[in-house]
Each structure stands twice: as structure tokens, then as C-alpha cells.
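Values quoted throughout were computed directly from the atomic coordinates according to the rules given, and no laboratory measurement underlies them. Computed from a predicted structure; not experimentally measured. Note that we place each Cβ from the backbone using ideal geometry, even for glycine, and neighbour counts take in every protein chain shown.
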Amino acid sequence: DSSRDIERSINFITAHDGFTLMDLVSYSMKHNEANGEDNRDGTNENFSSNWGVEGETNDPRILALRLKQIRNLLLLLMISQGTPMLWMGDEMGRSQNGNNNAYCQDNEIGWLHWSDLKRYPEIHRYLRKLILLRHSHSAWQTESTWPKVRWSGVKLDQPDLANHSHTLAFTIESAQPRLHIMLNSFTEPLDFELPKPELMWYRLIDTSLSMGNDFKEGLLEAVKTDHFRVNEYSSVVLVDGVSVFPFQKT
């Protein structure tokens, strides 16, 4: 119903039924053997990927890719209009060891471990910045009006919305400062055409960069070309005319 206010929607990636966010990028199938039902309980439709190894691994390449995908998913959640819902513990990498139906596990599997915050402090830091972005930008402050969005893909004004598509880009035009967001879930880097800035595009978020450098604070880097290379499995947010983050509320 397009007449309903946008804040009435609730958006989420994970909930109490299903994988945690960390398990969503660490397991390709459920592992509910500990529940005593021969792994028959819990949904088989998890829409997850282990990115190379099922469960725990010491492979730095796989670990880095998993953390990048977590940041991509958190970004999608926090830039969506409506109310974001976060499963407690996802902000610090909580895992249930692949168990997607752990209601019966009053033990290490189901407990929240505060020590995870020391293991994955950068997930928590990144999410705090995303929340600050929502609080400081007018695109997410409206209560009843839909922002004007210009949809694109790799090419300006040519979004590919087919099921097999791996890219999307859009410009939030009606809020200040303008934002241009590019999503690349393809296996290779892609060059995205940029809309003309009112002043200058600055890179705010690039999930392909190392954790800590992915979401800039302070002085932002200017983008002086009419295109931007978005690396594989990565998301980028550009801001128009504002060279410092956090934004100052007006």
C-alpha cells in the first residue's frame, strides 16, 4: 500500500528464527544436530553462503570476504527506508555454530557471548557509524514522504532489475547532501558511471577497503572522475559536496 507511511515498514536481514548474521556468511547449510532431531528441524531455505569453507576457518581470504559481506548486508539494512531491526549479537559477530533453530539450546550455542565484541570490534564500530549516518542525514529523517531516487546500474539511468542481475546504483536526490550508492555483487570489479555532482563527489563508504578504512571519518577523499570502480562483492557510498563526516545537522 503506497499510501502508508514509510516508517511503518520493518526491515531485517536476520531474526531469532534462522542463522545469525555471522552464520549467514559462514555456513551453506544448517547444522542442527545438537537439537536431537537428526537435523530435520529448522528451515532449509537460509539463502546463505560459506564463501569457501563450511564453518570456522583460519583462511584469511575467506575471513576477510565474510566480514566484507557482513558490512554489505548491514549497509543495505541501514540505508533502507523504514525501521531497521537487528538481531542482538549480530553487531559483534555472534555465531550459533550453524544452528538455525537454537531455541532449545540453553548453553554455549544459544548464549550471547560478550567476548565476541573483543573478537570483532570493527563490526560494532562500523554499525555505529551507519547508525550515525541515519541520524545525521535527512534522507532517513522524514516520517511520511518518499525521497526522490534516481535508479541506475553500471550505466546511468539503466538499472538492471532482472533476477540474474548483480549490480544496482541509485542517487538519493531529494535529501541533502545528495548520496550516490553503488552495489556490486559480481565476481569482478566494475566501473560505474556517476551522475554529475552539484559540487563534488566524496567517498564516504567502500566496503572493499580494510575494516577501519571502509567508512571514513573526518576529511573525505574527493572523486574527480565521471566513473567509480566498485570492487567485487563490494558497496560504495558517495556524498555530494560534503567533505567531512560526521555531517553537521542543519
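Shape descriptor for the range 143-245: Rg over Rh equals 0.96 (Cα atoms; Rh from the Kirkwood inverse mean 1/r).
Counting only lysines at least 8 places from residue 30 when in the same chain, there are none with an alpha carbon closer than 21 Å to its own. Between residue 178 and 240, the built amide H atoms are under 5 Å apart, and every one of these is 5 or more places off in sequence or on another chain. Report, in listed order, any pair from 68/196; 148/224; 196/224; 155/224; 148/196 with a Cα-Cα distance greater than 22 Å. Violating the 22 Å Cα-Cα cut-off are 68/196; 148/224.
Is the range 6-136 best put as rounded, prolate or oblate by its Cα gyration tensor, with a ≥ b ≥ c the root eigenvalues, rounded for a/c under 1.5, and otherwise prolate when a/b is larger than b/c, oblate when not?
prolate
What do you get for the angle between helix 121-136 and the principal long axis of the chain? Use alpha-carbon atoms, 0 to 90 degrees, nearest ten. Long axis of 121-136 versus the principal axis of the chain: about 40 degrees. Based on every Cα atom in the range 153-206, Rg and the maximum pairwise Cα distance Dmax equal 11.8, 35 Å.
For the options 15, 162, 64, a Gaussian network treatment of the chain with springs between C-alpha atoms closer than 10 Å singles out 162 as fluctuating the most. Comparing mean-square fluctuations of 183, 63, 238 from a GNM of the chain with C-alpha springs under 10 Å, the top value falls on 63.
Remark: the range 87-100, residue by residue, has Karplus-estimated 3J(HN,Hα) of 6, 4, x, 5, 6, 9, x, 5, 10, 10, 6, x, 7, 9 Hz, where x stands for each Gly or Pro and the curve is 6.51 cos²θ - 1.76 cosθ + 1.60 at θ = phi - 60°. Coupling constants for the range 36-44 follow from the phi torsions by the Karplus curve (6.51 cos²θ - 1.76 cosθ + 1.60, θ = phi - 60°), and in residue order they are x, 10, 6, 6, 8, 7, x, 6, 9 Hz; glycine and proline get x.
Could you tell me which of rounded, prolate or oblate describes the chain, using a ≥ b ≥ c as the square roots of the eigenvalues of the alpha-carbon gyration tensor, with rounded for a/c under 1.5 and, failing that, prolate when a/b is larger than b/c and oblate otherwise? Mind showing how you got there, number by number?
Values: a/c = 1.82, a/b = 1.69, b/c = 1.08.
Here the chain falls in the prolate category.
The amide H of residue 149, built 1.01 Å from its N in the peptide plane, has 173 as neighbours under 5 Å, considering only residues 5 or more places off or on other chains. Sorting 76-82, 106-112, 187-193, 24-30 by their mean Cβ neighbour count within 10 Å, with the most densely packed peptide first, gives 24-30, 76-82, 187-193, 106-112.
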